[in-house]
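Student: The structure is given below, and queries will be raised subsequently.
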Amino acid sequence: METLTTFERAIRLQKVDLFSGLATDQLALVASIAGQIECKTGAALFEENHPPGSLYVLLEGRVEMSREGKAMFTVGPDETIGNWAFFDDQPSVVSAKVLEDTWLLRIDREDFFDLLTDHAEITRNLFQALFKRVRSLLTAGLERPQSTEPSPTENPPPSR
Amino acid sequence: MPTSPPVLHPRQRLRRYFDIREGEWRPTLLLAAQLMMGIAAVICLKATSDSLFLSKFPASRLPWVDLAVTGLVGLVVGVYLRLSNRLGQGRLVSLSQVFLAANLLLFWLLMRWELPGVPALVYIWVGVFAVLVPSQVWTLAGLVFDTRQAKRVFSLIGSGGLVGAALGGQLASIAGPRIGAESLLLVAMALVLGCAAIAFCLDSPCLLARPGADPSKESKASLGESFRQVRESRYLTVITAAIFLSTLAGTLVKYQFKAVVKLQYLDDASGMVSFFGDFYGYVAVFSFLFHTLLSARLLRWIGPGSALLILPCSLLMGSGVLLFSATLWAAVLARGSDQAFRHSVDRASLELLYVPISAAVRTRVKGFLDMVVSRSADAMASILLLAAVGVLRFDVGQISWVALSVIGIWVVVAMQLRREYVQTLRNSIERKEVNPEALLRDLARSEAGSLLQGTLQSSDLKSVEHAVGWLRFGAAGVEHAQIAALLAHESGAIRVKAMQVVATRDLPGYRDEVLRFLALEPGVEARWQGLRYLEGEADPGHLGVIEALTKSNDRDLAAAASAFLLNRDPAKYSSSEAALLAFVDSARSGDIPARQTAARLIGFLPSSEAGTLLLEGFLRDESFPVVEAALSSVAALKPKREVTLIRGMLRDRNLRAAARKALAAYGESVLPQLHAELADASAEPAVRRQIPRVLADIGGQRAAELLLASLDETDHIVRHQILRALSRIGKHRSSDLFQRAGVEDLIVQELRRYFTEVILLRAVSDTSSRVGALFLRRALDERIRLRLDWIFRLLALIYPRREMLDAYHWIVSGRADLRSNAIEFLDRRLEPRLRLMVLSALEDRESERVFEAAGELFGISRMAETAALENLLSTSDPWLQSCACFAAAEGGRTRLRAAIATLAGSSDPLLAETASLASRRLASGSNGS
């Protein structure tokens, strides 16, 4: 895979759920702090209980997420890895291992928070997207008929 | 290359003339047809019943039967409203019209058997029918269309009614003498059945198309409920008064007209049918022409509030003529103007007045207003006529005295209604403000108090800190010992918050705990708060406790206490100043906390050259907490030499907020320097982007003028900051802070850019396979939204700020009904120069009207994609230029190679990189997919 320009990285970032609320020029600002890296099969992106570090956006390849040695789910292109640890200051609860040769965008935590400090409108848009999602979840919860029995189809998706 | 606008097809011209849009044709035509048949039946029946009644009875009996009509209408409305709750409007209309048609068949049979009293019965029944049927059609129309749609389509629907009146008049005039007045009942029956069939077609899909128009979700209506609703709303009360007076005046004139006709024709029923048919027919033709050619334009030009004055003014004239000459021609003039305007512009205006009211309230009260209030007015007219004719022995002409008095009051009420209409529109878009502080106070006082107590004992420090924050809104139920413990908490953040709670809520009895807090807490601000608390606890003028602290072994605490005393009484504690300066001076070589304390304390000292010199030193400290503390002290000393240094600190994200505050403290004296930096396009963007906010914090006329003068800025982030700053100044502005004409010019410029961007957006392909083109479209769409935001921010500078921002909020809310009301409000609120341009900008961006508006208002023509890309490459917006470079390469636009190659040398790194990539791709013939 060729190294992407900042503009091409911005185009890729628009597909990332976390950044769905950002304007295109804000995506370019995020793209400007995102480094493109290549990881070979079997490499570990980060380990469980390690301090929070970076947010990864998969461009190409596959990464397996595991907890206490058990595989939980696989992440593919345009998905992000490390969301929770990126924001909540707590050690990572999962490990990430590369399943096949993979290209990623890596956004360093400190760089990202510096960017938010410089561009308050990005913070606002992130919040808006987040609250929109919380509201839709709440609305869905309120509209769902009350049931005392848990539905077999309502198992929560694996957290990332 | 701009392309010329296409030649419009006649059908398109017609559509444009009537301004009926996609999806509106079917319900509009159905409603117009229904009104046409309904009114044709009404006119046909009125000619029949009037002639049958007047040929059998004298005109003086008319008030009695009009009273009977009123009574029957009240009864019918009561039943009708109850049925509407059960069946819904659509179904009720169709079923009730079938019932009315059956009634007509029955009357025809009774007439054939020549039963006595039937003409009077038919007259009364027709009175009810004439009220019910048109009202049903308008109720359906109000449910189908929103405010903006109503304004456009109601005049066409009204035209249907006027055609119906002409048709009904001609039917009565031509067919009446040939087939007999009674047989016209069967003709009317056929027309009513046609109405019922249309009501059946309109039921369901159309009615539910508009949010809030679902009859099933509307609250139950009853006469009592409707009356309560009217009484509680000032707007509805004024509408009620206008309807009452309008009907009252109309009924008086109608009596005069019929009385003159009776005098002319005596008992000639056929002659009267023919005359009434001709009269209603010609009046309808005039009314139709007036309505078609002028009604909609009048509504657009002067609005429904002013259009409501046309009918009373014309009646004032007609009734005046009747007063002096009670001839047939004078009667025709008075009644003709009443009928012509009442069913055209007056009806359409009145229907528009209902639209800002919510659908639920509208349904509840409209039937009540249309039927009960109008019939009460008829009853009142009958009583007045009985008194005037029977008691006072007024002749036909003298009745005009009564009519003229009523019309005079009606004009006054109509003028009041015009004011209320705009106010109601404004209210309908107002946001309901929630006071979060009040909510938190309520919560803190409620059962949440026990939960709070539990949290205060938690081992999680963050939870405790949050809980202490809540105590600011109420500390009921929290024990003294618990707060005392918080003041001595191991966490500094919790201690400081607890001190804030004790100080801001003025909790008594914490003197010893605060003294302990002062010993523990090193921060100057927090200590200052503690010292103020001690001052409040002490007797006035007795600051012994604080004086004792000046002798503390803790030098920082002693200095803070000295500074506090010096600040409170400089004469009494002047000896402290030298000691304090010495303390600050010695702290310069101390550690960071010591320097920080010293830098902050300077701000509490009286202004002096020595203090200023020390402060200048701290502003150059290598540690940012020390510089930040020094910036807090700038407000007190305002060192003139340091403005440039502080301005440079705006680039540092750690110092930015404090630097802004410090610069604002200088006031207007720094405006020239700040403006020069803002106007310098080569200055550092990070600094320039902060300056508008500083100007807003300084505020005032001069700052506002400088911000307005800077609006030709090309960096859209700086521009956005300028507009936000203007908005902040506008929040506290005096009325003449912004020059109206200047701001209007800026709005027009902004609108021109808005339309240009919309045309550019429409030119770029939306093919899903072209990622770059789609990305460019998204970027353009964001710019257009931002542009709209700016337009409303500018509008808020010259119109009431809250109104404009609320209108913008509803326009972008995504809810069609709110958007429609907001646009209607703007239509009424904006001055003519801006109105058309702003309203055109709010049209659906995907519609053909955007091209038309851009061309007509600004001479902007549609473009092909290559021309649009070329245009974008030549803008001064590096982001749009980057997007255009990428899309041009993706689309293989080799014609743009030279322009793109030039941009590869841009000073903007992203643009240079993207242009280089695009150049390479165009050279190699690869589109990068």
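The values are calculated or read from the model by the stated rules, or taken from the named source; none is laboratory data. Just so you know, these numbers come straight off a predicted model, no measurement behind them. Ideal geometry is used to build each Cβ from the backbone, glycine not excepted, and the neighbour counts take in all protein chains shown. Please note that ligands, DNA and RNA were not included when accessible areas were found on the heavy atoms of the full protein model with its side chains. Shrake-Rupley method; radii C 1.70, N 1.55, O 1.52, S 1.80 Å.
Student: Give the distance, in whole Å, between the Cα centre of the range A:1-47 and the Cα centre of the range B:645-685.
Tutor: If we compute the Cα centre of each part, the gap is 34 Å.
Student: List the pair-distance distribution P(r) of chain B, using every Cα-Cα distance, as the percent of pairs falling in each 10 Å bin from 0 up to the bin containing the longest distance, rounded to whole percents.
Tutor: Final binned percentages: 2, 9, 14, 15, 13, 12, 12, 10, 7, 4, 1, 0, 0.
Student: Normalise the Debye intensity by I(0) for the range B:320-416, one equal point scatterer per Cα, no solvent, then take log10 at q = 0.11, 0.13, 0.20, 0.25 Å⁻¹ and round to two decimals.
Tutor: Values returned for q = 0.11, 0.13, 0.20, 0.25 Å⁻¹ are -0.45, -0.61, -1.20, -1.42.
Student: Which FRET efficiency, nearest 0.05, do B:Arg828 and B:Arg228 yield, Cβ-Cβ r, R0 41 Å?
Tutor: Taking R0 as 41 Å, the efficiency between B:Arg828 and B:Arg228 is 0.90.
Student: A follow-up question, please. May I ask you to derive the FRET efficiency for B:Asp736 and B:Ile302 from their Cβ-Cβ distance with R0 = 45 Å, giving the value to the nearest 0.05?
Tutor: About 0.95, to the nearest 0.05.
Student: Beta carbons within 10 angstrom, averaged per residue: use that to sort the peptides B:550-557, A:18-25, B:388-395, B:31-38, highest first.
Tutor: B:31-38, A:18-25, B:550-557, B:388-395
Student: Next question, about the same structure. First check a/c for the range B:666-751, with a ≥ b ≥ c the square roots of the eigenvalues of its C-alpha gyration tensor; if it is under 1.5, answer rounded, and if not, answer prolate when a/b is larger than b/c or oblate otherwise.
Tutor: oblate
Student: Related question: What pairs from A:Lys97/A:Lys132; A:Lys40/A:Lys70; B:Lys46/B:Lys262; B:Lys151/B:Lys366; A:Lys132/B:Lys151; B:Lys56/B:Lys366 go past 26 Å between their alpha carbons?
Tutor: A:Lys97/A:Lys132; A:Lys132/B:Lys151; B:Lys56/B:Lys366
Student: Moving on to the next point. Any idea how far apart A:Gln90 and B:Asp652 come out in nm if each label point goes 7 Å out from Cα toward Cβ?
Tutor: 3.6 nm
Student: If you wrap a convex hull around the C-alpha atoms of the range B:136-200 and split its volume per residue, what is the figure in Å³?
Tutor: Cα-based convex hull of the range B:136-200, divided per residue, equals 72 Å³.
Student: Please work out how much length the chain gains when fully extended from B:Ile717 to B:Leu836, using 0.36 nm per residue of separation minus the C-alpha to C-alpha distance, in nm with one decimal.
Tutor: Result: 40.0 nm gained on full extension.
Student: Once the piece of chain linking B:Gln264 and B:Ile179 is laid out straight, how much longer is it, given 0.36 nm per residue of separation minus the C-alpha distance between them?
Tutor: Extra length from B:Gln264 to B:Ile179 when fully extended: 28.3 nm.
Student: Same structure again: Place a label point 7 angstrom from the Cα of A:Asp101 along the Cα-to-Cβ direction, then list the residues of the range A:1-26 whose backbone nitrogen is under 17 Å away.
Tutor: Under 17 Å, as judged by backbone N against the label point of A:Asp101, lie A:1-4 of the range A:1-26.
Student: Along each principal axis of its Cα atoms, how long is chain A end to end? Whole angstroms, biggest number first, please.
Tutor: So the three principal-axis extents are 52, 39, 27 Å.
Student: How would A:Asp114, B:Asp827 line up by accessible area, probe 1.4 Å, largest first?
Tutor: Sorted by accessible area, descending: A:Asp114, B:Asp827.
Student: Still on this structure: Please report the Cα spread of the range B:587-725 along all three principal axes, rounded to whole Å, starting with the longest.
Tutor: Computed over the Cα atoms, the extents are 49, 26, 21 Å.
Student: What distance in nm separates the simple spin-label points at A:Ala44 and B:Arg86, each placed 7 Å from Cα in the Cβ direction?
Tutor: 7.7 nm
Student: Another question about this same structure. By how many nm would the segment from B:Trp329 to B:Ser586 grow when fully extended, if each residue of separation counts as 0.36 nm and the alpha-carbon distance is taken off?
Tutor: Between B:Trp329 and B:Ser586, full extension yields 81.9 nm more.
Student: A further question on this structure: Grab the beta carbon distance between B:Glu479 and B:Arg532, set R0 = 30 Å, and tell me the FRET efficiency rounded to 0.05.
Tutor: Computed FRET efficiency for B:Glu479 and B:Arg532 comes out at 0.80.
Student: Okay, moving on. So, taking all protein chains as they sit and a 1.4 Å probe, how much accessible area belongs to B:Ile310, in Å² rounded to tens?
Tutor: 40 Å²
Student: Where does the Debye-calculated log10 I(q)/I(0) of the protein assembly as shown sit at q = 0.09 Å⁻¹, using only Cα point scatterers of equal weight, no solvent?
Tutor: Result of the Debye calculation: -1.15.
Student: Partner chain Cβ atoms within 10 Å, averaged over the residues of A:3-9 - can you pull that number for me?
Tutor: The shielding value for this peptide is 5.
Student: Which of the lysines could a cross-linker span from B:Lys497 if the Cα-Cα distance has to be under 21 Å and same-chain partners fewer than 8 positions apart are dropped?
Tutor: B:Lys462
Student: Mind telling me which of A:Leu104, A:Leu29, A:Leu13 comes out most flexible in a GNM of chain A, alpha-carbon contacts under 10 Å?
Tutor: The residue with the greatest mean-square fluctuation here is A:Leu29.
Student: From other protein chains only, count the Cβ atoms within 10 Å of every residue's Cβ in B:909-922, then give the mean.
Tutor: If you average over the peptide's residues, the count of other-chain Cβ atoms is 2.
Student: Quickly work out the B:Asp395-to-B:Leu294 label distance, labels modelled 7 Å from Cα along the C-beta direction, and quote it in nm with one decimal.
Tutor: Simple spin-label model gives 3.3 nm for this pair.
Student: Once you order the gyration tensor axes a ≥ b ≥ c over the Cα atoms, which shape class does the range B:494-560 get: rounded for a/c under 1.5, otherwise prolate or oblate by comparing a/b with b/c?
Tutor: Here the range B:494-560 falls in the oblate category.
Student: Grab the other residues whose beta carbon is less than 12 angstrom from that of B:Ala165, score K and R as +1, D and E as -1, and report the net.
Tutor: Charge balance near B:Ala165 sits at +3.
Student: Given the peptides B:686-696, B:184-194, arrange them by the average over their residues of other C-beta atoms within 10 Å, most packed first.
Tutor: B:686-696, B:184-194
Student: Moving to a separate point now. Where in the range B:705-724 does the amide nitrogen come within less than 14 Å of the point 7 Å from the Cα of B:Gln749, taken along Cα to Cβ?
Tutor: Under 14 Å, as judged by backbone N against the label point of B:Gln749, lie B:705-716, B:719-720, B:722-723 of the range B:705-724.
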